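Values in this text are rule-based calculations from the coordinates and carry no lab data. In this text the structure is predicted, and so the values were computed from the model without any measurement. A quick note on method: Cβ atoms are made from the backbone with ideal geometry, for glycine too, and the neighbour counts reach across all protein chains shown.
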Amino acid sequence: MITARLIGTLALIAAATQLAAAPTPPPATGGANNGPAPAPMKLTPAPAPVKRTVEPDAQFAPVKKPALRPQPLFRPAMPRMNPAKPLFGDPLPGLTTAQLELFVDGKVDFEKSEDVEGGLGPIFNESSCVACHSSGATGGASPRNVTRFGRVTSAGFDGLDALGGSLLQDQAILPDAIELVPLEANLVVKRNSTPVFGLGLMEAIPDAAIIANVRKQPVDGVKGKVNMITDVVSGQTRVGRFGWKAQQTSVLAFAADAYANEMGVTNRFFPTENAPNGDAEKLAKSDFVLDPEDAPATGLADFEKVANFMKFLAPPPGVKLTPTAAAGQQLFMAAGCALCHVPSMQTGPSKDPAFDRKEVRLFSDLLLHDMGSLGDGIVQAQAGPREMRTAPLWGLRVSAPYLHDGRATTLDAAIAAHDGEAKVSRDRYLKLTPAQKKQLSEFLLSI
């Protein structure tokens, strides 16, 4: 028995030795319609820019088409919701089974990290959606911010498109492709990540309802205006409502834009890769996947799955008002905060029960307002340098730091920084006693 086992062991060792000594076969060549698919690339970018050890042509082989990603063996469990105790990250109530499946599948892609073979880069800010949207639950805000820049002259704002545009991508798959703020820029600002809770409900608010919030005559200096946007998905001009400048009008466009500009993954709506600081030569040396990169032969693209997740994601759950918070609500109204932070709006009629005439307690009019010194100086579509969209206040308790650039670590500091059309309300707030300010803060954290 011992001799037989020993002979068997020696045979296994000999076989392993022969296998290790065998030459490695050459990589397969060809495309999807001509031979086997390209060998999968082994590089997975780290959050920080990778360190180049050899020349790009030697380090990477061109990839003609993104390889099919392995699919999970099991579908993630369907979410279990308690209508009496809603949580951050829950799906909308009233979704069909099919919609819940789209929500679950989309969440997987929202949390998944893209890689070079799948189209990441060559320049990007993060490799996944959840890297910037996770506070409270998947889909929340985060302290992660991005950099915007431009040049301000007497002629107006220049986004420096020839030098890569006003959004800085601060990571790259190769060191030589890393972007820098151009010397020509004399304006550099930060933009915090916004939460994506309740985006489907916000999208379902009719344009006319948002336009109706514009005042013909200012009240306490508050008037507001809409940012009319040509939606890249439908080609229609609609009221913008997403982003710090209300620069996006549909959830699908919002997702497609983020994939292209935050992760560098091109798609059918944004098919052109961003060149590092506008340098076409650097782009050619660091782009290894044909565009559009997020273009599966069958099924939904990743950005479409992510759009489904955001569309079906429920708003932040409110908290029952304490007596202190109820007193703060009265102060909120008395100070005139609700002139911009409109407590609720309503979706329009829909064949989809989850979106049919639903109350949306977002505490925003979704308008642009002249915020004076609080404006970030960037121009996007019809949003001027001093104009910012009224930020929805729902979920504020998991959204710190506050304001568009995250400068405020407390609600008191955020309110005190308001200017322009919000100046009258801000001054009323500044006259409150410390106890009253605490009441108002507790109300805001309950929304």
Computed magnitude of the charge dipole of segment 333-397 (debye, nearest 20; Cβ of K, R +1, Cβ of D, E -1): 200 debye
Using a basic spin-label model with each label point 7 Å from the Cα along Cα→Cβ, how many nm lie between Val219 and Val108? 4.9 nm
If the only charges are +1 at each Lys and Arg Cβ and -1 at each Asp and Glu Cβ, what is the size of the charge dipole of segment 288-367 around the Cα centre, to the nearest 20 debye? 580 debye
List the pairs from Lys225/Lys245; Lys112/Lys190; Lys107/Lys311; Lys190/Lys285 whose alpha-carbon separation is above 22 Å, in the order I gave them. Lys112/Lys190; Lys190/Lys285
Gained length - Thr237 relative to Ala155, 0.36 nm times residue gap less alpha-carbon distance: 26.8 nm
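Counting only other residues whose beta carbon sits under 9 Å from that of Lys190, what net charge do I get with K and R as +1, D and E as -1?
Numbers: positive: Arg148, Arg191, Arg407; negative: Asp376, Asp405.
It works out to a net charge of +1.
Only sites in a loop by DSSP and with at most 12 other Cβ atoms within 10 Å count here; which GluC sites (Glu not before Pro) in segment 173-257 make the cut?
Glu184
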Please name which of Thr147, Ser127, Thr96 has its Cα lying farthest along the dipole of segment 88-177 towards the positive end, using unit charges on Cβ (Lys, Arg +1; Asp, Glu -1) and the Cα centre as origin. Thr147
HN-Hα J couplings of segment 175-188 from phi, Karplus 6.51/-1.76/1.60, θ = phi - 60°, integer Hz, Gly and Pro as x? x, 5, 9, 4, 7, 10, 5, x, 4, 6, 6, 10, 9, 9
For Arg407 and Ala435, extending 7 Å from Cα along the Cα-Cβ vector and measuring point to point gives, in nm, a value of 3.3 nm
Work out, step by step, the length gained on full extension between Met333 and Asn82: first 0.36 nm times the residue separation, then minus their alpha carbon distance; give nm to one decimal. 87.2 nm
Would you tally the net charge around Gly420, using a Cβ to Cβ cut-off of less than 10 Å, leaving Gly420 out, and scoring K and R as +1, D and E as -1? -1
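Assuming R0 = 25 Å, can you tell me the calculated FRET efficiency for the pair Lys351 and Glu101, based on Cβ-Cβ distance, to the nearest 0.05?
Efficiency at R0 = 25 Å is approximately 0.85.
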Rough spin-label spacing in nm, given labels placed 7 Å along Cα→Cβ, for Leu180 and Ser373: 3.2 nm
Could you give the distance between the Cα centres of segment 216-266 and segment 377-420, to the whole Å? 16 Å
